[in-house]
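Every read-out reported here was derived from the displayed coordinates using simple, explicitly stated rules and does not represent laboratory data. Keep in mind that what you see is a predicted model, and the values were worked out from it rather than measured. When we count neighbours, we look across all protein chains shown, and the Cβ atoms used for this are built from the backbone with ideal geometry, even at glycine.
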Amino acid sequence: MIDILTKNLPILVVLCPLITSLFVVLIPNIFFSWILTTLSTFLTFLFSILLYQEIQIQSHISYALGKWMPPIGIEYIIDKVAIIPIIIISGISFIATIFAYKMIPDEIEKKSISKVYSLWLLAIAGLLGLVTTGDAFNLFVFLEISSLASVALVAMGAQKDKQALVAAYNYLIIGAVGATLYVIGVGLLYGITGTLNMEDLTNRISDLNNNKALIAGFGFMIIGIMVKAALFPLHIWLPRAYAYAPSAVSVLLAATATKASLYILARILFSVFENSENLINNTLLYVILPLSIIAMFAGTIMAIYEKDIKRLLAHSSVAQIGYITLAFAIGTKASIAAGFIHMFNHAMIKGGLFIAITSLGFFIQKRVTINNLSGLGRAMPITFFCFVLCSLSLAGLPLTAGFISKLYLIKATISSDAIWIAILILISSALSVVYLWKMIEVMWMREGRKIVVKENPTIYISLIIITFFNVYFGLDASLVVNGSFEAAEKLIGDLK
Amino acid sequence: MISSTIGIWNYWIVFCLMMIGLFLVIGRKNFLKKIVGLTIFQTSVFLLYITFGKIKGGTPPILNESIDSIYSNPLPHVLILTAIVVGVATTALGLSLVLKINKEYGSIEEDDISAQDLVDYHDDIETRKSVDLKFKQ
Amino acid sequence: MISELLINAFLVTIMLSIAIALIRTRTVIFTVILTSAYSLVAALMFITLDAVDVAFTEASVGAGISTILFLAAMAYLPKKEEESISSEFVPALSCIILGGILIWCSYDLPEIGQLTAPIHQHIAPEYIKGSKEDIGIPNIVTSVLASYRGYDTFGETIVVFTAGVAVLALLQKNPAKKNKSQPKQKIRENA
Amino acid sequence: MHNNPILRISTKILFAPIILFGLYVQFHGDFGPGGGFQAGVIVASAFILYSLVFGIEAGKKLFPSNINLILLALGGIIYGGVGIVSMLLGDEFLAYNILGSSPQSGQHIGILLVEFGVGLTVSNVMIALFNAFASYDKIKEK
């Protein structure tokens, strides 16, 4: 039995939420469907931890689905890189599911709750499938599972605000265009190589330098993934989708969805196309680097002028995605590691901030705008305290996780002789303090309505867990840092 | 010569079809038309894949008795079967969203809807500000 | 051989004219019918390209179910598409650029129908051989679909399931909803 | 439309042959074009035709929506179940070889079950989609 378990771990991580989602939809009882969802996400998290231990021993697991040897069949690849997004997604989704217990029945009508939990699990499973697969077309299928499920989840916010529908519609259309562009890219590459398996693709394109179809295929793939990862000019779907989704869904999406796509971006850039160095270097230098810098500033400035808090956090996500892609664009081992560190930390920070803000929204039963926040900090001290810690982490103050990622990012830029980028990062971080301070000030300093709020343990337990990790990984970051450096080493090897 | 010209012609038209579909999606403001555009876009991408899979003088990939028959490449067919079903799933979800949008907004034109949303957005912020002010006094 | 390609070129030209008609028309019923026709011609095209399974699916799913869904949705929607006030220049330009890139790269794509192309040499022969020896099913598409790439098909079943659950959750009746959009409607009319 | 005798009678005559054709496409998929998807859509089209001619309520009476929901999930469960059984027997996910006495018969059993699962899900999703769209108007009136 244990044998079967360890042998099939790579697929079990994806299969656990996928199969449970089929059963959850049949349970009419709200409580039991929540229990099943929680169990399933917990098991998924457990499997991914086991997988992490397995990966420390084997360092590269290839799992041939249907026992057909790749490249004939579909292959799952887990290595030291893939394990990072797997841990992020499964961990955050477990915390978000606990958080969902109170939030989902509050915002969604009773009749559709079991369906929502089913979609919830499907979204998680899609993201996990996305990061584990080693097949370019299978990636598309899981991309669609996760995006259809998340679109439907965003649209469920329509019971509170009808704008959720438009947000969901835009998310669907832009996402579908992105996915189709990706499919065109895969098609062109398939046309010239005859394979869909990523490792095989790497080998077969190595002697096809300067093939026009190769360049075009690469371009289309990257554009498609950039849409999904919400890199700057293609991010327009993100703020609305995050802002109008139901609370728990905002937490789940903000913390996980773009991370999976960013991982795919890194993998395409540094692993699949590792043999076409010219192409990659040009893309990094002339496309991704400028776009990330613009994203960093545009996101932060939009956030400063935003009054709706959920949108504000979404704009700040755009900026943070900019940091991560910037780290990838510099393209040294240290910077890619910094990118992964920030990917991990940002998931925790944004998860924490969204949990804090949406639980405020839960108690005031309104949209959370900057004016609605006044005095809430005093009414809800625990939530406020956690919110402040996560904000400090986002701003990158010492002793928090955010500090570690900024530190390694700036170290990496300096060691690759790009001081001006380091300065830009510092300026952008300083700007982010503006909007964070604005919120904290309103919550604590300003007089507000005298509401008596009993903070609910099912809500703040998830907040406390996530804040604890924010601080813990600020004090002892060795686990994340080592993992990220190993991942970076695996990705770009001994080249640089 | 003629065959290669016609061959390239096929590729080119397929690319044109894709771009017309894409234009309908990103250029038109009608929500239903965008979904139609998406269908056109995806169907044209299917054509590209299937065109790759064709072999001159080949037969459909169903095994027959004769030994020397050449079968067209089955893999693109399989991929496109998957993609067609994914496409119809996207269409169905999009249409249901359009229905809901029409019910809530009374329109499916993007210009109209963003105007309404803008009013809503400022409306919310302003009224709440005044409510808060009243509360303070 | 030439005749096969000529039929292809003919069908593809019909599709082009349908697509152009789609850009020009602003009547919703025409749009829906033209989309259905487009799918049907695409299905014909798939037959000439030897993809019988795909043609079958495109005809039943693309031209059948999609059209039914479009027609069902159309009953509740406005019958005319409004002319947009905003310029369509930027979208058109980006489409032309992307199309240009594709046409530029088409010179390096393998010529249609060449047996020597890598796509026909690399993995496909093993499927054709294996379908007979390992699986014993005459329809190679089925054996690739259900066995060699069975996991893709599983994912695709899940996609369909997701869409079904999503639409059921979305279109469920919710009588308890507060209709707070009434006063705002007025503001818009004044503005 | 509900009172047109030609439509009503021809629908009743056509209903069974359409489903039969669907089953043919489903199980003949190994030998000719066809398989789970196409069969699922064809079977669904029989029910859609029935609903179109006799009304949604009659269609729902013929095929209740809670059974629809159960079957919709069941298709996926069958597909995943085949994979899990092959895993429990000691092979990889969706490795059919181990299901039968010989690899070939295992493949046959696996493909048959899997295609059945696909057909079940696809047909039920299509019926559910049509019902959801067609009865949308009534929701509006309430």
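What is the dipole size for the protein assembly as shown, taken about its Cα centre, with +1 at each Lys and Arg Cβ and -1 at each Asp and Glu Cβ, in debye to the nearest 20?
The calculation lands at about 3660 debye.
Once a ≥ b ≥ c are taken as the square roots of the eigenvalues of the Cα gyration tensor of region D:5-141, is the result rounded (a/c under 1.5), prolate (a/b larger than b/c) or oblate (a/b not larger than b/c)? It comes out oblate by the Cα gyration axes. Taking the centroid of alpha carbons for each part, region D:10-27 and region A:1-67 are 40 Å apart.
With respect to the cross-link table entries A:Lys102/A:Lys310; A:Lys162/B:Lys29; A:Lys160/C:Lys80, which display a Cα-Cα separation exceeding 23 Å? Among A:Lys102/A:Lys310; A:Lys162/B:Lys29; A:Lys160/C:Lys80, the Cα-Cα distance tops 23 Å for A:Lys160/C:Lys80. A simple charge model with +1 on the Cβ of Lys and Arg, -1 on the Cβ of Asp and Glu and nothing else charged puts the dipole of chain C at about 1520 debye relative to its Cα centre. Derived scalar couplings between HN and Hα for region B:22-27 equal 4, 4, 4, 6, 8, x Hz in order, rounded to whole Hz, by the Karplus curve 6.51 cos²θ - 1.76 cosθ + 1.60 (θ = phi - 60°), x for Gly and Pro.
Report relative contact order for chain D in percent, whole number only (criteria: Cα-Cα under 8 Å, sequence separation at least 6).
Numbers: 178 pairs, mean separation 38.6, N = 142.
Computed over chain D, the figure is 27 percent.
In order along region A:147-159, the Karplus-derived 3J(HN,Hα) couplings, from 6.51 cos²θ - 1.76 cosθ + 1.60 at θ = phi - 60°, round to 6, 5, 5, 6, 4, 5, 5, 4, 5, 5, x, 5, 6 Hz, and Gly and Pro are given as x. Region A:192-260 and region A:411-444 have their alpha-carbon centroids 27 Å apart. Compute the signed sum of charges (Lys and Arg +1, Asp and Glu -1) over the other residues within less than 11 Å, Cβ to Cβ, of D:Gly29. Its environment carries a net charge of -3.
Residues whose amide H falls under 5 Å from that of B:Ile55, counting only those 5 or more places apart or on a different chain, are B:Asn73, with hydrogens built in the peptide plane. Label positions at D:Asn4 and D:Tyr24, each projected 7 Å from the Cα along the C-beta direction, are separated by 2.6 nm. Work out the FRET efficiency for C:Trp104 and C:Ser3 from their Cβ-Cβ distance, taking R0 = 51 Å, and round it to the nearest 0.05. Efficiency computed from Cβ-Cβ geometry: 0.95. Across region A:370-387, rounded Karplus estimates of 3J(HN,Hα) from the backbone phi angles (6.51 cos²θ - 1.76 cosθ + 1.60, θ = phi - 60°) give 4, 6, 6, 6, 4, x, 5, x, 6, 6, 10, x, 5, 4, 4, 4, 5, 4 Hz, Gly and Pro being marked x. Remark: region C:76-164 carries a charge dipole of roughly 240 debye about the Cα centre, counting +1 on each Lys and Arg Cβ and -1 on each Asp and Glu Cβ. Exposure proxy for A:Asp308, A:Asp476, C:Asp108: other Cβ atoms within 10 Å of each Cβ, ordered fewest to most, give A:Asp476, C:Asp108, A:Asp308.
Taking Cβ atoms as reference points and 13 Å as the exclusive limit, the residues near D:Tyr79 contribute a net charge of -3, counting Lys and Arg as +1 and Asp and Glu as -1. When the Cα positions of A:Tyr76, A:Leu165, A:Ala64 are compared along the charge dipole of the protein assembly as shown, A:Leu165 comes out farthest toward the positive end, with charges on each C-beta of Lys, Arg, Asp and Glu. Using the Cβ-Cβ distance between C:Ile33 and C:Glu82 with R0 = 25 Å, the FRET efficiency computed as 1/(1 + (r/R0)^6) comes to roughly 0.80. With a Förster radius of 51 Å applied to the beta-carbon distance between A:Ser415 and C:Ile96, the computed FRET efficiency rounds to 0.75. Label sites at A:Ile49 and A:Glu277, each approximated as a point 7 angstrom past Cα along Cα to Cβ, lie 4.3 nm apart.
In chain D, taking the dipole from charged Cβ atoms about the Cα centre, the farthest positive-side position among D:Tyr136, D:Phe15, D:Phe31 is held by D:Tyr136. The distance linking region C:84-148 with region A:328-378 is 41 Å (Cα centroid to Cα centroid, whole angstrom). Dividing the summed -39500 (n - 2.57) terms of all DSSP H runs of n ≥ 4 by the residue count of the protein assembly as shown sets its mean residue ellipticity at 222 nm at -25000 deg cm²/dmol.
Among the trypsin sites (Lys or Arg not before Pro) within region C:50-149, those in coil by DSSP and having at most 13 neighbouring Cβ atoms inside 10 Å are C:Lys79. Comparing C:Tyr148, C:Tyr76, C:Tyr38 in a Gaussian network model of chain C (Cα springs below 10 Å), the most mobile by mean-square fluctuation is C:Tyr76.
Restricting attention to the protein assembly as shown, close to 85% of DSSP beta bridges with both partner residues there are antiparallel. Overall shape: oblate for region A:369-496, with the ratio a/c of the largest to smallest alpha carbon gyration tensor axis at 1.5 or above and b/c at least equal to a/b.
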